[in-house]
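The values are calculated or read from the model by the stated rules, or taken from the named source; none is laboratory data. What you see is a predicted model, and the numbers here were worked out from it, not measured in a lab. Cβ placement follows ideal geometry from the backbone for every residue including glycine, while neighbour counts extend to all protein chains displayed. To get the accessible areas, we keep the full protein, side chains included, count just its heavy atoms, and leave off ligands, DNA and RNA. Shrake-Rupley method; radii C 1.70, N 1.55, O 1.52, S 1.80 Å.
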Amino acid sequence: MELMGRLLAWGVGVLALLLLVLAGWWGCVLLTAPYRRRREASVRNKFLHSVLWVYFSGDEEAAGADFFVRRGRRIVAECIADLAGSTVGLDPEPIRRIVRELGIEEFLWRRVRWCRSYRRAYYLQLLSRIPVGERSYREAARYLNDRNRHVRFCAMSVRMAFDAEGQYAALAEYSDKISYFELAELVMRLRHRGLPVDYRTLFASPNRNLQKLAMGVVWHYGLTDAEDELVRILSKENPEESAGVLYILCALRCSVAREEVARFISEMKPEWRKALLRYMARQGYSVHALRVFIPDDERDYYVSLVDSYKLNVG
Amino acid sequence: MYRILIMSDDAVLRKAVAFTLNDLEAHIECTDRMETMLALFRREAFDLVIVMGTAAQMCRHEVMETLRADKRRSPRVFVISWAQSENVSRRMLTLGVNQYMTLPVSLHRLRRKVVNEMGRWS
């Protein structure tokens, strides 16, 4: 009994000590957080200034590579990703040189290997936004079957970033159905490439992800020419994508009195149709335009919507 | 001196654009929020306002009202946003925006446009 008591006391003492150390560590993290944020912002500013100087002065050497290696390659990678994400037309060679000199690619892959879950996805996403080599293309294949969906998507993005010509094949092989958030990300990447997108070929593909990509491109660029291709996707076997097609047709202000469209809307679930009517009211469709498929009770609801949005439609 | 006001909540983009224009004979101010931009604009006269981010912010009625309140001066307004469709660009021009560009933005092209504006102003 005495031994048990002593062991218990020791256990409680060790636990208390551990808790004290943990609390102390956490307190230090909180107290130093403002200092770390200021330091990060300072490094970010210096690096950005250095890179922009290289671009606009034509000077080939970015100043202070050692400084950035010591202070944080993660910050450098984030800056490059942000700059590449918001601008276009800058010569990629200075950035490639900086990535090589500072060993950014190797650094990020080390982080990918050590981290798990969303942290790993974050570093993969950074890799997909900076100029990478063939090594990244091969390494990313390892994470295409990761347990975490976001990791799988970011790994595919890394492969797409490296291989512009094979990007559609990479998307077709992707095991998951891409979500609308992922679709927005993919459309942004296509914009960055600045290459023409043959959306008709994508629509004709039997692969659902490629069809969805085509839908995203059409919506994003407001391509009213794609109305026929959109209508062909409408199908009861595919209610979710078909609902997406309807929203795109409304965003493009296409006619909804078309036979296939009107039939599909009239056969929709009432709650889905109600949500669609709210969107159509915001897009400015008149009650007259919807007369072919709205039951009387929903027509009154639609009139009240139009009145509430204070739209003057015929 | 030509006065330029830049608004963007993206710090990297804000600094990149400011750096692109910093060798021009212009005074440049940057801000990260629309409210701060409007407050700065009310306090001082700017010749060019560059708004970057979402075009939706420009649709708030107080934004263009503030920028066009003083009938004696007519600052140029550039909007740079992600929205690509024709509807949005037409709406921006209807609101009174002078130039609508889409993101990702070409810094060289933006600089050329600003230089042209400065040439007209002088």
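Things worth noting here:
- Residue in region A:59-77 that is most open to solvent (accessible area, probe 1.4 Å), counting only those that are modelled with pLDDT under 80 and of a type in the set (Gly, Ala, Ser): A:ALA63
- Breaking point among (1) touching an Asp or Glu at 6+ places or on another chain (Cβ under 6 Å); (2) on the phi < 0 side of the Ramachandran plot, for A:SER175: (1)
- Top-ranked residue of region A:19-59 - restricted to ones that are more than 14 Å from chain B (Cβ to nearest Cβ) and among the hydroxyl-bearing types (Ser, Thr, Tyr), ranked as nearest to A:ALA81 (Cα to Cα): A:TYR35
- Taking (1) touching a strand residue (DSSP E or B) at 6+ places or on another chain (Cβ under 6 Å); (2) within 13 Å of another protein chain (Cβ to nearest Cβ) in turn, B:VAL51 satisfies each apart from (2).
- Pick from region B:7-32, criterion under 16 Å from B:VAL51 (Cβ atoms) and more than 10 Å from chain A (Cβ to nearest Cβ), ranking: most open to solvent (accessible area, probe 1.4 Å): B:ASP9
- The lone exception for B:SER81 - which of (1) within 13 Å of chain A (Cβ to nearest Cβ); (2) buried (at least 19 other Cβ atoms within 10 Å of the Cβ); (3) under 19 Å from B:TYR2 (Cβ atoms) it fails: (3)
- Hits in region A:25-55 - residues which are open to solvent by 30 Å² or more (accessible area, probe 1.4 Å), of a type in the set (Phe, Trp, Tyr) and within 30 Å of A:PRO94 (Cβ to Cβ): A:TRP53, A:TYR55
- Taking region A:78-124 as the range and being open to solvent by 30 Å² or more (accessible area, probe 1.4 Å) and closer than 17 Å to A:ARG147 by Cβ as the test, the residues that pass are A:ARG113, A:TRP114, A:ARG116, A:SER117, A:TYR118, A:ARG119, A:TYR122.
- A:GLU241 touching a Lys or Arg at 6+ places or on another chain (Cβ under 7 Å) and away from every other protein chain (no Cβ under 14 Å): yes
- Residues that are within 14 Å of A:TYR221 (Cβ to Cβ) and either open to solvent by less than 40 Å² (accessible area, probe 1.4 Å) or of a type in the set (D, E, K, R) (or both), drawn from region A:165-196: A:LEU183, A:LEU186, A:VAL187, A:LEU190, A:ARG191, A:ARG193
- Among the residues here, B:ASN116 qualifies as surrounded by fewer than 20 Cβ atoms within 10 Å (Cβ to Cβ), free of Cβ contacts under 8 Å to residues at least 40 places away in the same chain and away from chain A (no Cβ under 14 Å).
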